[in-house]
Amino acid sequence: MSFWTRRKAIDTAAGDAAHQLKKTLSWYHLVALGVGAIVGTGIYTLTGVGAGLAGPGVILSFLIAGAVCACAALCYAELSTMIPASGSAYTYSYVAMGEPVAWFVGWSLILEYTLVCAAVAVGWSAHAQGLFRLAGFPEFLLAGPHAGGLVNLPAVIISFAVAGLLALGTKESATVNMVLVAIKILALAAFVVLTLPVFDASHFTPFMPNGFAATAGPDGVKVGVMAAASLIFFAFYGFDAVSTAAEETKNPKRDLTIGIVGSMLVCTLIYMVVAAVAIGASRAEVFSKSEAPLVFILETLKYPRMAQVVALAAVVALPTVILAFMYGQSRIFFVMARDGLLPAGLAKVNAKTGTPVLMTLLTGALSAVLSGLLSLKDIAELANAGTLAAFIAVGLSVIILRVRDPGRVRVFSTPIWQVVAPGAILGCLYLFSSLPAKTQTYFLYAHGIGFAVYFLYGVRKSALARA
């Protein structure tokens, strides 16, 4: 069998019993995992960055990014219930399109999840630095080289802390996640209640000061509603981390649909409301300069204590995003190793915790290095490139499997799949084209390295090659 035509069979996608994960999760764990992944740095931090690119039009940016993600989420819901195996878009691509495409998608997911963990660790650090200053940490340990420091030590610490929690066990970390998600939602609700009384509609004029399309400004940086959407896209994904839990879900046919679709609906509503009241309370060009815009807005409104509460809630709750994506990353590594595309020793599941401890700790180490040295914007944009590639693959997988295997039972069917799946693909392609040229170039370099790894190792060592 040529490596170009190697494909997994749907019924054996979960692997053998010796290399399967414990089934410990219910639908409410999955919704909390999705909300924990989606509501985080995007709303607490990137709201300001997006407003700097699009002005009040950042509301449209949220809407566009959310619509593209909604199409992708519906495709994920169909595939995850039809193929309830770990691996997310990587596994779906392996079944639908074969090994080389699956490797490309898996490498994109590794890029996405590792960078998301790093980006959120940087966002968490921006909210936690006051506490570290009180503890006596010097300034050069509170920022990476891009900001004149040596290393962003708080970001490094939180990366390793979350990895340690995940290594203890899936159910234990999911329970902690549910509590932290509740804290995060309550803090955002308090922000909305405090800013609504000072809502000023004049802050929405001009609505699109930099236009709609992504165009290069005087400094070469792309601005406009679509430029912000290509960045804010980072704020919406996270539901795909839910699909990586398929193998550990007690009732995947029911619970995965609830987890993926439910978390997207809840989070879209939260984002639109919080972004609107933020702009109504403070002009976009003012709060866009802050790394912690919601805290900044409350401080300018003379709510110093509530600003501290929101900052503290972010410090406590932003690690839920790192937890969700680090969970997903370790599972992608795990299933690729189980398939032989990475060294098989990485697929070892700890007998006591039922988790891939080695892969979890390796993911934490990668996140710590990146978050300690790079800026939030650069990390988020490169993470988006990897995610867009994975979402395109999921849309293609739905179309291919609908044509090739129309009679297979689909517990959840993507509504109007002839429109939704192509909509996800075209929307992601347009968002990718709106990313900075530098990000697109780095993405190609990263995948050049990825394909070198595949042809030097995976093409000969994969389970299908040995079979």
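Provide, in order from the shortest bin, the percent of all Cα-Cα pairs of region 188-328 in each 10 Å bin, continuing until the bin that contains the maximum pair distance.
Once binned at 10 Å, the Cα pair distances of region 188-328 give 10, 31, 32, 21, 6, 0.
So who's got an amide H within less than 5 Å of the one on K222, skipping anything under 5 residues away but keeping other chains? H placed 1.01 Å off N, in plane.
For K222, the qualifying residues are G217.
Taking the Cα-to-Cβ direction at V419 and at V266 and moving 7 Å from each Cα, how far apart do the two end points lie in nm?
With each label placed 7 Å out from Cα toward Cβ, I get 2.8 nm.
Any chance you could give the angle, 0 to 90 degrees and rounded to 10, that helix 153-168 forms with the longest Cα principal axis of the chain?
With rounding to tens, the tilt is 40 degrees.
When the Kirkwood radius is taken over all Cα pairs of the chain, what Stokes-Einstein diffusion coefficient follows at 20 °C and 1.002 mPa s, in µm²/s? Show your work: numbers first, answer last.
On the way: Rh = 22.0 Å.
Answer, rounded: 97 µm²/s.
If DNA, RNA and ligands are ignored and the probe is 1.4 Å, what is the ranking of R331, R466 by accessible area, most exposed first?
R466, R331
Whole number please: convex hull volume per residue of the Cα set in region 74-145, in Å³?
Cα-based convex hull of region 74-145, divided per residue, equals 124 Å³.
Once the Cα gyration tensor of region 287-342 is found, what semi-axes does its equivalent ellipsoid get, as square roots of 5 times the eigenvalues, in whole Å, sorted largest first?
After diagonalising the Cα gyration tensor, the semi-axes are 39, 11, 4 Å.
Per-residue HN-Hα couplings for region 329-336, Karplus 6.51 cos²θ - 1.76 cosθ + 1.60 at θ = phi - 60°, whole Hz, x for Gly and Pro?
Rounded to whole hertz, the list is 4, 5, 6, 5, 3, 4, 6, 5.
To the nearest 10 degrees, how steep is helix 252-281 against the longest Cα principal axis of the chain, on a 0 to 90 scale?
The two axes meet at around 20 degrees.
Starting from the 7 Å offset along Cα-to-Cβ, what nm value, one decimal, do you get for the label separation of V192 and F212?
According to this spin-label approximation, the distance is 2.8 nm.
To test your reading of the geometry: what angle, between 0 and 90 degrees and rounded to tens, separates the Cα axis of helix 357-373 from the longest principal axis of the chain?
In the chain, helix 357-373 runs at an angle near 40 degrees to the longest axis.
Could you state the principal axis extents of the C-alpha atoms in region 67-209, from the largest down, to the nearest angstrom?
51, 42, 35
Kindly state, to the nearest 0.05, the FRET efficiency for A463 paired with E285, given R0 = 41 Å and r defined as their beta-carbon distance.
Working: r = 54 Å, r/R0 = 1.33.
E(calc), rounded to 0.05, equals 0.15.
Could you pull the Cα extents of region 369-420 along its three principal axes, largest to smallest, in whole Å?
50, 21, 17
For region 309-467, max minus min Cα coordinate along each principal axis, in Å, sorted largest first?
For region 309-467, the Cα spread along each principal axis is 50, 40, 34 Å.
Report the GluC sites (Glu not before Pro) located in region 259-331 that are in a DSSP loop and have at most 12 other Cβ atoms inside 10 Å of their Cβ, or state none.
none
Measure off, as a whole percent, the carbon and sulfur share of the 1.4 Å-probe accessible area of the chain, all protein chains present.
Carbon with sulfur: 71 percent of the solvent-accessible area.
Just the ratio, please: alpha-carbon radius of gyration of region 32-127 over 2.2 N^0.38 Å, N its number of residues.
So region 32-127 has a normalised radius of gyration of 1.27.
Once the other residues with Cβ under 14 Å from the Cβ of C71 are scored (Lys, Arg +1; Asp, Glu -1), what is the net sum?
Summing Lys/Arg as +1 and Asp/Glu as -1 gives -2.
In Å², what does the accessible area per residue of the chain work out to with a 1.4 Å probe?
Dividing the accessible area of the chain by its residue count gives 37 Å².
The values are calculated or read from the model by the stated rules, or taken from the named source; none is laboratory data. The structure presented is a predicted model; accordingly, all values stated were derived computationally and were not measured. As a convention, Cβ positions derive from the backbone with ideal geometry for all residues, glycine included, and neighbour counts pool all protein chains shown. Accessible surface areas use protein heavy atoms only, side chains included; no ligands, DNA or RNA. Shrake-Rupley method; radii C 1.70, N 1.55, O 1.52, S 1.80 Å.
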